[in-house]
There are 4 protein chains.
Amino acid sequence: MTEYILQLQCEDQAGIIHAVSSGLLDCSANIVEQAQFSDPDTNQFCLRTRFETDQDSLEAVRSALLSHVDRFAPRLDLRHSHDHRRMLIMVSKFEHCLEDLLYHYSNGDLQVDIPAIVSNHEDARALAQAHGIEFIYLPVTPETKRAQEEKLRELVDQHQVDIVVLARYMQVLSPELCNSLPGRIVNIHHSFLPGFVGAKPYHQAYKRGVKMIGATSHFVTADLDEGPIIEQDIQPVGHAQTVENLISIGRDVERRVLSRTVDLLAQDRVFQVGRRTVIFS
Amino acid sequence: MTEYILQLQCEDQAGIIHAVSSGLLDCSANIVEQAQFSDPDTNQFCLRTRFETDQDSLEAVRSALLSHVDRFAPRLDLRHSHDHRRMLIMVSKFEHCLEDLLYHYSNGDLQVDIPAIVSNHEDARALAQAHGIEFIYLPVTPETKRAQEEKLRELVDQHQVDIVVLARYMQVLSPELCNSLPGRIVNIHHSFLPGFVGAKPYHQAYKRGVKMIGATSHFVTADLDEGPIIEQDIQPVGHAQTVENLISIGRDVERRVLSRTVDLLAQDRVFQVGRRTVIFS
Amino acid sequence: MTEYILQLQCEDQAGIIHAVSSGLLDCSANIVEQAQFSDPDTNQFCLRTRFETDQDSLEAVRSALLSHVDRFAPRLDLRHSHDHRRMLIMVSKFEHCLEDLLYHYSNGDLQVDIPAIVSNHEDARALAQAHGIEFIYLPVTPETKRAQEEKLRELVDQHQVDIVVLARYMQVLSPELCNSLPGRIVNIHHSFLPGFVGAKPYHQAYKRGVKMIGATSHFVTADLDEGPIIEQDIQPVGHAQTVENLISIGRDVERRVLSRTVDLLAQDRVFQVGRRTVIFS
Amino acid sequence: MTEYILQLQCEDQAGIIHAVSSGLLDCSANIVEQAQFSDPDTNQFCLRTRFETDQDSLEAVRSALLSHVDRFAPRLDLRHSHDHRRMLIMVSKFEHCLEDLLYHYSNGDLQVDIPAIVSNHEDARALAQAHGIEFIYLPVTPETKRAQEEKLRELVDQHQVDIVVLARYMQVLSPELCNSLPGRIVNIHHSFLPGFVGAKPYHQAYKRGVKMIGATSHFVTADLDEGPIIEQDIQPVGHAQTVENLISIGRDVERRVLSRTVDLLAQDRVFQVGRRTVIFS
């Protein structure tokens, strides 16, 4: 038996699940795990299905499905479970998130392929190589930004990258790049209750005496740091902690949140509906 | 449009979702939220579907579904969403869980009907009446236990009770009673890391210096406190807390866990598969 | 033996703990639990000490202490442990926080005295009376606000109130009132990652797809919702939750955070240093 | 100014804090952060004090303190803050905890010295060396266990090790070794609600359908896995997670708990009192 994962998203209407299950019946497939949600605001239908069949040909299964669901004009994403999502990781100088991703990748917790790690600095080269992953140095200046992003786009195509993971990549991506990869770039950043605008957020958080340090992962859109939220977490802090302690705790929360985010994406559990996400966890 | 919630459970095989969706298509129903999981150990297929249709007759919808799924010999539980689950709450002297249930019930957070509160003590009468709920005093002694449980069984039938909630009911139910209401009685009790056997668990936890106080809700089976776990939570504690503080914190965790459990049950999100639960939260 | 709790705060300098312990030695006191922190930013020294002595006279112990520490010009707050803090609770129409406070108060979890509950609406009268607490109706309009707050100030004096707890009191207090009770008024409000400015924050949070609902308690200063934070907590949420669900979860988090805050204050564990708090939990 | 950290533990009686502060006054020291707790069950007095003075000589400060506190026969542990605790880490084949410790060590989050990593297997050699730490291979068989532990004892002395950290070291230490390093060996292991005795705990937890995976760190005593608990944490799990997923999540919780434990020990925040710990966090 071969296991598949299907993501299907389209405008909601009656009969979609029936059509999908008709296609699966044609392949004598058995559904193992299915989750569906129709977002009331956007009227988007989201379906994730994990199923088994003795039909090993991806194209045959896709055709069987499409013959039933084509009329809904869906975004349909089908793969063999063992055919992992391909993630390009981007990083600048802070390696804490990259380090946690690679730890989980190396011991098999994160079932993804990482064709390359890209950075605008040389710092992470050793870490990438220690894990046997190609390191690509793509420095960037205001003058070369356009060319650098074109290079990046080529890498995405060349390596058949599904998701670009910004693991503390400290450059703002151009709107063009964001728009060319919709729902395919994720980012991690700090979060606080309340939020702080402007520079040195940890210093502001310290001065305000917050009792929690948080982190948020989100899809990257042209509207920076405002893309649909995927995952959030916090960690309690207290008065005795210095700004440096808060920053250190912030790193821990960011690691945790980004690694979980990549795991959710690796399992095709994340859908984007308007400004929100639907997550079948 | 009328909204329905369907729970369906049976032995797993190919074609069940197709059959269900065929039945729903016959009613021109639109699925709003669906979750399915097939437990690999027990081979049990579990499906929860929330759907809308302009067919208002429960019986008509049930017939439409059965005509397609009858061959799977499922447990099929269908209701109008606005037709709330009926919960009989049992309590002894400690009212903390009851109090939290009634708070959430009264302000509409818990969408359940509570036809009666049953107790082997008189203590909770005032609280029940303050919420306009019938209070039934059913004292119990070793000699009257059998008769008391028969009375209880009658109440369950008479009030068409779906779930019996033991909200710190301090009597052990007989195996006969447990077996007569499989998957329909839930209980709450304290939990620790590590667990403690025997009397005065909070005193043991204090002496052992645990850093967390927990609570577990579970289905009641003839094997006391060993039924399938529904929900768990913990709260951190420290060295300065006395045994009395631990007991007080334990009450808070029990309240939280039992209220969440009743909410999950109120929404038909809980399935029992062998010694485990499947929960579509 | 009589148990005391001491709070002492002053500008930091060498010798304060020695002076305090000298005073305690003069009373043959034994320290049971002590916590001290000097805030590096404000140079404020904060000390909480719980001690036992056979000297039963509060005034005698205070004199002994003052004879040693007077030269530091401290704020010194001394009481018998069994002499509970007096809390005036204010509420408008939403009773969820009040309800949780009274539950914990009634079963002895919150060791406070509540001389009265004040409201600008009649709604909470029954709840107050069910717990045997005086309910004082103080309606307010723009025209009567000044007089109403004067009335409130009188109640604080008359009932020797230590702390005013705003348990979802929906009126903005005047700067005069805030300034007349520095560090003695606490409030609770919702919090999100990221924060939302303006009306209908839960609707904004829903539209933005946040994965956590939070609440923050803080001291009230003339700068509304910007006073020093005392306690924060969050609860995870998901895509299937409606705005109404978020609001309901928000109530649960607010209840939890405010009850913990009152417990910290009841035990004299909270100090205000500039815009932050020091909390010896 | 030089910063010091003092840990002092002895039988409780009046006057200890006064004596300590007298000694500190003799050194013109200023206390920055102090926490004290007297455990009612064991009558043990525990004090942690962080202070600053222009007296740079550790011996001079220690003498000044001892001249005042010697009569209490305390365990007195004094060090310059910048003089880090020395941790010997032991590991077998699972490197997940070691990996997280070294990440936090390398980026400065964990302020400890790690003179060596000891293992009964060769697996972790590369990881140790990548962080510039000596790796010592000490294989063990039933026949060589006694000699191996003697070697270990020598390493502890030779490297002036304060704490031995068992980061998934899968050998049971002999009672002799445990007793020779009281309060100086810490271990990490999985924990569940409820607990599971015997082999394959994650398989048992899976079959029982637990909703939380936990980990506990504790001091090692001759009574294995029953030493005083230092830190605990949990992570929620659900029905869709396989045994392998639970084991993976267990690794994450163990990493987190052990790294926090080492941080608490690195800051001298942990005291052992009978079967419990006092932790000034």
Go through (1) free of Cβ contacts under 8 Å to residues at least 24 places away in the same chain; (2) within 17 Å of B:I213 (Cα to Cα) one by one and return the number of the condition D:Q232 breaks.
-> (1)
Among the residues of region B:15-33, the number that are touching a helix residue (DSSP H, G or I) at 6+ places or on another chain (Cβ under 8 Å) and of a type in the set (D, E) is 1
Subset of region B:237-281 (residues that are over 23 Å from C:Q241 (Cβ atoms) and out of contact with any strand residue (DSSP E or B) (no Cβ under 8 Å at 6 or more places or on another chain)) = B:Q241, B:T242, B:V243, B:E244, B:N245, B:I247, B:S248, B:R251, B:R275
Assess whether B:S180 counts as being of a type in the set (S, T, Y) and open to solvent by 10 Å² or more (accessible area, probe 1.4 Å).
-> yes
Can we say C:R208 is charged (D, E, K, R), in contact with a strand residue (DSSP E or B) (Cβ under 8 Å, 6 or more places away or on another chain), in the same structural domain as C:I163 (by TED's automatic domain parsing) and open to solvent by 20 Å² or more (accessible area, probe 1.4 Å)?
-> no
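Would you point out which residue out of D:K211, D:K151, D:K200 is within 14 Å of chain B (Cβ to nearest Cβ) and of a type in the set (K, R)?
D:K211
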Within region A:136-172, restricting attention to residues that are open to solvent by less than 20 Å² (accessible area, probe 1.4 Å) and not in a helix (DSSP H, G or I), which residue is farthest from A:H218 (Cα to Cα)?
-> A:L138
Among A:S217, A:S191, the single one that is under 21 Å from A:T277 (Cα atoms), surrounded by 23 or more Cβ atoms within 10 Å (Cβ to Cβ), within 13 Å of another protein chain (Cβ to nearest Cβ) and more than 15 Å from the chain's Cα centre (by Cα) is A:S191
Given the conditions (1) over 30 Å from D:E134 (Cα atoms); (2) in contact (Cβ under 8 Å) with a residue 24 or more places away in the chain, and given that D:K145 satisfies all but one, which numbered condition is not satisfied?
-> (1)
Quick one: C:R255 ticks every box in (1) more than 10 Å from chain A (Cβ to nearest Cβ); (2) assigned to a helix (DSSP H, G or I); (3) surrounded by fewer than 19 Cβ atoms within 10 Å (Cβ to Cβ) except a single one, so which number is it?
-> (3)
Would you mind finding the one in B:I234, B:I230 that is touching a strand residue (DSSP E or B) at 6+ places or on another chain (Cβ under 6 Å), at the interface with chain D (Cβ under 7 Å from one of its Cβ atoms), open to solvent by less than 50 Å² (accessible area, probe 1.4 Å) and under 23 Å from B:S281 (Cβ atoms)?
-> B:I234
Being more than 8 Å from chain B (Cβ to nearest Cβ) and either in a loop (DSSP other than H, G, I, E, B) or modelled with pLDDT under 95 (or both) narrows D:D268, D:D263 down to just D:D268
Can you name every residue in region C:237-247 that is open to solvent by 20 Å² or more (accessible area, probe 1.4 Å) and free of Cβ contacts under 8 Å to residues at least 40 places away in the same chain?
-> C:G238, C:H239, C:A240, C:Q241, C:T242, C:E244, C:N245
Assess whether C:T221 counts as being outside any helix (DSSP H, G or I), more than 30 Å from A:L47 (Cβ to Cβ) and either among the aromatic types (F, W, Y) or in contact (Cβ under 8 Å) with a residue 40 or more places away in the chain (or both).
-> yes
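The values are calculated or read from the model by the stated rules, or taken from the named source; none is laboratory data. Computed from a prediction, not measured in an experiment: that's the story for all the values here. As a convention, Cβ positions derive from the backbone with ideal geometry for all residues, glycine included, and neighbour counts pool all protein chains shown. The area values use the complete protein model at the heavy-atom level, side chains included, leaving out ligands, DNA and RNA. Shrake-Rupley method; radii C 1.70, N 1.55, O 1.52, S 1.80 Å.
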